[in-house]
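Visitor: Pasting a structure here, questions to come.
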Amino acid sequence: MKKLFILILVFPSLLFSQKSVFTTAKVKAATVYFNAALLTETASLNLPVGTSEVVIKNVANYLNENTIQVGVPNSVTVLSVQFTNNYISEFDIDETNPAIKKVRDSITLVEKELKKMAILTNSTNQTINLLDSNQNVAGVNSGLNVTELMKLVDFYKTKRTELAYNITDLSEKTVQLELKLQILKDKLEVNSQKEDKLSSGKIVLQVMNEIAEPVTFNISYITNTATWSPFYDLKAENTTTPINMIYKAQVVQNSGIDWKKVKLTLSSGNPNQSNQQPDLNSWFLNFEDSNYYRGNIYNKNSSPVMALEGKVSGLKIDDNYQKFDTLPNGRIIARESNSRIVLRGSRSLARGSNALIVIDGQISTAEILATLPPESIKSTNIVKGAQGTALYGEQGKNGVVVVTTKQMDDYTSITENQLNVTFDIDIPYDVLSNGKIHSVAMKELKLPATYKYFAVPRVDNEAFLIAEINDYSKYNLLPGVANIIFENMYVGKTNINPNQTTDTLSLGMGRDKKIAIKREKIVDKSGTKFLSSYKEQTFTYDITVRNNKKEAIVMILKDQYPLSTDKEITIELLDDGKAKVNSETGILIWNLNLEANETKKIRISYKVKYPKDKVIENLN
């Protein structure tokens with residue numbers, strides 16, 4: 001198979017007198033970046049010997065022509081490649097379905113009739129306006145005798161009525177035509193849906209073939225009509241359990257073609273990025289996560305039950321009991337309820353000695369096992385003899401078939417590359433070209449967390465629960481929005497930003513109403529004094545924190561005092577409340593440990609001195 005990066009060339013179609021050959025491509029895989037997608041498609045047709053023009057339909061409406069790659073057999077030579085989404089007008093060839101073409105032609109005729117109705121209606125209204133204007137002129141210049149006036153009235157009445165009737169007829173015809181147009185459009189949609197939705201994009205190839213043969217074209221290209229963004233669900237039962245994080249992706253595409261049952265890969269890379277030389281950022285190393293495991297996938301045309309036989313010592317499927325039907329999609333299912341699986345040991349078992357079936361820890365049956373899609377099986381284990389009895393009692397004396405199915409994590413493998421992270425998803429996905437968000441579940445993670453409370457009462461008199469995650473880089477998180485579900489209640493949203501240099505990732509888990517915080521100014525300890533040409537103001541605040549919860553909490557409390565960049569303004573911190581003081585930022589930090597129903601009070605005070613003839617706007 002030759003895979004060529006094709007240079008886009010434009011050859012006048014007159015150079016090729018052969019008849020065009022049409023084929024329809026099908027999307028097989030899609031690698032979606034944050035602002036683009038690499039689509040891989042295949043198209044097959046019987047290619048005649050010699051030079052041919054191949055028109056491949058059902059490609060994206062808009063794509064980067066420089067990224068088109070075409071893979072062909074060695075016997076085929078690709079002379080040129082051209083992309084277009086207006087093939088009919090460029091090459092004057094009608095390759096549409098006859099039924100659809102007929103409906104489109106009818107729509108064109110009806111639209112022309114509607115335009116005629118609009119023109120006639122407009123001209124009739126203009127005539128009525130002119131007639132009404134003439135009547136006013138005649139009324140002003142009343143030099144007419146009675147007989148002439150009566151003739152004028154009769155003429156106006158007759159003509160005005162005729163024009164009014166014309167307007168009514170035109171309106172009725174317009175309504176009928178619009179109804180007919182809608183029916184035709186509905187019919188066009190029905191006819192179009194008889195086959196897969198096709199886009200207007202087409203790739204036109206000029207090829208030369210040595211022999212007449214069936215040929216498969218493997219096509220790939222990048223289109224900027226797709227995006228994805230990370231999204232998370234954060235669930236925590238309480239402050240003593242880990243966070244259950246469901247790692248999701250929101251995929252949107254407007255390529256013009258529906259992606260049906262495609263292998264989906266999500267990448268944090270950017271194929272449209274500039275080639276400008278990069279700057280250096282911090283480079284963090286982390287150990288490879290060995291917890292991700294991709295289970296074996298059985299042959300898609302084999303039942304999980306059938307796949308066990310011949311691979312497990314002593315396993316036999318009794319055909320007299322187990323009957324199978326093959327579905328159109330290749331799956332094999334059991335159709336009789338008395339099927340059984342037999343595990344033979346050192347002696348032959350009686351005919352009624354069925355092996356026990358256990359699926360994901362639950363006792364099940366061979367019929368249910370037979371209905372499982374083979375690709376959903378993660379592992380199979382056989383337990384025989386005394387071990388089966390020890391684990392499952394009398395039910396396990398004839399042996400146990402232990403089956404573990406894949407969970408969400410087993411369908412997604414994460415690869416951390418030098419420049420990006422890719423998520424390969426084994427489950428085939430449908431992503432329609434409708435501009436709507438398609439949610440894709442990728443991983444489910446258990447994040448060990450340390451919970452703390454955080455409050456800045458100068459800004460907000462409520463306590464925020466913070467979950468701190470250590471060594472978070474191993475989870476390959478990307479910046480995104482997360483839903484928060486705490487104690488089985490939806491709390492709100494928070495932002496996850498792993499692009500930081502700290503060792504700990506802080507996740508906001510919502511507000512806790514059971515922690516009361518009050519910051520109030522102490523009037524008798526605050527005030528203003530005038531000293532010669534200066535004014536001196538003192539500010540004193542009490543911060544009260546009460547833990548109304550049934551368990552002890554740890555809280556980080558922050559406040560601040562002002563700083564000065566003007567030599568005429570001097571600031572003195574009178575009372576820091578035993579806080580950790582950062583004199584460069586003016587931030588005061590307390591690490592509080594509060595028992596259940598405990599209250600703590602902190603006092604801070606500072607003094608500001610500045611010229612009395614000046615005003616500081618933001619002093620409080």
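Visitor: Order of 455-461, 541-547, 527-533 by packing, highest average Cβ count within 10 Å first?
Guide: 541-547, 455-461, 527-533
Visitor: Output wanted: per-residue J couplings in Hz (rounded whole) for region 466-478, from phi through Karplus 6.51 cos²θ - 1.76 cosθ + 1.60, θ = phi - 60°, x for Gly and Pro.
Guide: 10, 9, 9, 10, 8, 6, 6, 5, 6, 8, 6, 6, 10
Visitor: Could you give the length gained on full extension between Ala29 and Asp460, defined as 0.36 nm per residue of separation minus the Cα-Cα distance, in nm?
Guide: Working it through step by step, the gained length comes to 150.3 nm.
Visitor: Hey, can you grab everything whose amide H is under 5 Å from the amide H of Asn85? Only 5+ residues off in sequence or another chain; H modelled, so Pro and N-termini drop out.
Guide: Under 5 Å from the amide H of Asn85: Lys202.
Visitor: Normalised by the residues of region 469-577, what does the relative contact order come to in percent, with Cα pairs under 8 Å and at least six apart? Don't skip to the answer; put the middle values down first.
Guide: Details: 123 pairs, mean separation 18.9, N = 109.
In percent, rounded to a whole number, it is 17.
Visitor: Also: Using a Förster distance of 51 Å, how high is the FRET efficiency between Asn618 and Asn125, based on the Cβ-Cβ distance and rounded to 0.05?
Guide: Computed FRET efficiency for Asn618 and Asn125: 0.20.
Visitor: If amide H atoms are built 1.01 Å from N in the plane of the peptide, which residues on other chains or at least 5 residues away come under 5 Å of the amide H of Ser379?
Guide: Under 5 Å from the amide H of Ser379: Thr404.
Visitor: Let me ask something else. Given a cut-off of 20 Å, name the pairs among Lys514/Lys580; Lys521/Lys601; Lys446/Lys513; Lys535/Lys558 whose C-alpha atoms lie farther apart than that in the structure shown.
Guide: In this structure, Lys514/Lys580; Lys446/Lys513; Lys535/Lys558 lie more than 20 Å apart at Cα.
Visitor: What ³J(HN,Hα) values, in whole Hz, does the Karplus curve 6.51 cos²θ - 1.76 cosθ + 1.60 give for region 481-486 when θ = phi - 60°, with x put for Gly and Pro?
Guide: Computed from phi, the couplings for region 481-486 are 9, 10, 7, 10, 10, 10 Hz.
Visitor: Let me ask another. So if R0 is 60 Å, what FRET efficiency would Asn470 and Phe530 give, r being the distance between their Cβ atoms, rounded to the nearest 0.05? Don't jump to the answer; show the numbers that get you there.
Guide: On the way: r = 54 Å, r/R0 = 0.90.
Once the sixth-power term is evaluated, E becomes 0.65.
Visitor: Which lysines, if any, have their Cα less than 19 Å from the Cα of Lys443, not counting same-chain residues under 8 positions apart?
Guide: Lys235, Lys248, Lys263, Lys378, Lys406, Lys474
Visitor: Now for a different question. When all protein chains stay in place, what accessible area (Å², nearest 10, 1.4 Å probe) is found for Arg519?
Guide: It works out to around 50 Å².
Visitor: Roughly how many nanometres apart are two label points built 7 Å out from the Cα toward the Cβ at Thr501 and Ser106?
Guide: 7.0
Visitor: So who's got an amide H within less than 5 Å of the one on Thr24, skipping anything under 5 residues away but keeping other chains? H placed 1.01 Å off N, in plane.
Guide: Correct list: Ser44, Lys57.
Visitor: Read phi for every residue in region 49-63 and hand back ³J(HN,Hα) as whole Hz from Karplus 6.51 cos²θ - 1.76 cosθ + 1.60, θ = phi - 60°, with x for Gly and Pro.
Guide: Per-residue couplings from phi come out as 6, x, 8, 9, 9, 9, 9, 9, 8, 6, 10, 4, 4, 9, 8 Hz.
Visitor: In region 482-581, which GluC sites (Glu not before Pro) are in a loop and have at most 14 other Cβ atoms within 10 Å, using DSSP for the loop call?
Guide: Here the GluC sites (Glu not before Pro) that fit, given the DSSP loop and packing criteria, are Glu487, Glu551, Glu568.
Visitor: For the pair Gln387 and Ala552, what calculated FRET efficiency results from E = 1/(1 + (r/R0)^6), where r is the Cβ-Cβ distance and R0 = 51 Å, to the nearest 0.05?
Guide: 0.65
Visitor: Additional query: Measure off 7 Å from each Cα along the Cα-to-Cβ vector at Thr404 and Val581, then give the distance between these two points in nanometres to one decimal.
Guide: 5.8
Visitor: If you don't mind, there's one more thing I want to ask. If you take every DSSP beta bridge fully contained in region 21-79, what fraction is antiparallel? Give it as a percent rounded to 5.
Guide: 60
Visitor: Let me check something: with ligands and nucleic acids excluded, how do Glu148, Glu394, Glu53 order by accessible area (1.4 Å probe), largest to smallest?
Guide: Glu394, Glu148, Glu53
Visitor: Net charge near Asp524: determine it from the other residues with C-beta under 13 Å of the C-beta of Asp524, scoring Lys and Arg +1 and Asp and Glu -1.
Guide: Combined, the nearby Lys, Arg, Asp and Glu give +1.
Visitor: Compute the length gained on full extension between Ile427 and Gln69: take 0.36 nm times their separation in residues and subtract their Cα-Cα distance, giving the result in nm to one decimal.
Guide: Length gained between Ile427 and Gln69: 126.3 nm.
The values are calculated or read from the model by the stated rules, or taken from the named source; none is laboratory data. The shown structure was predicted, so the numbers you read here are calculated from the model rather than taken from an experiment. In this analysis, Cβ positions are derived from the backbone assuming ideal geometry, glycine residues included, and neighbour counts consider all displayed protein chains. Remember, those area values only see protein heavy atoms, side chains included, never the ligands or the DNA or RNA. Shrake-Rupley method; radii C 1.70, N 1.55, O 1.52, S 1.80 Å.
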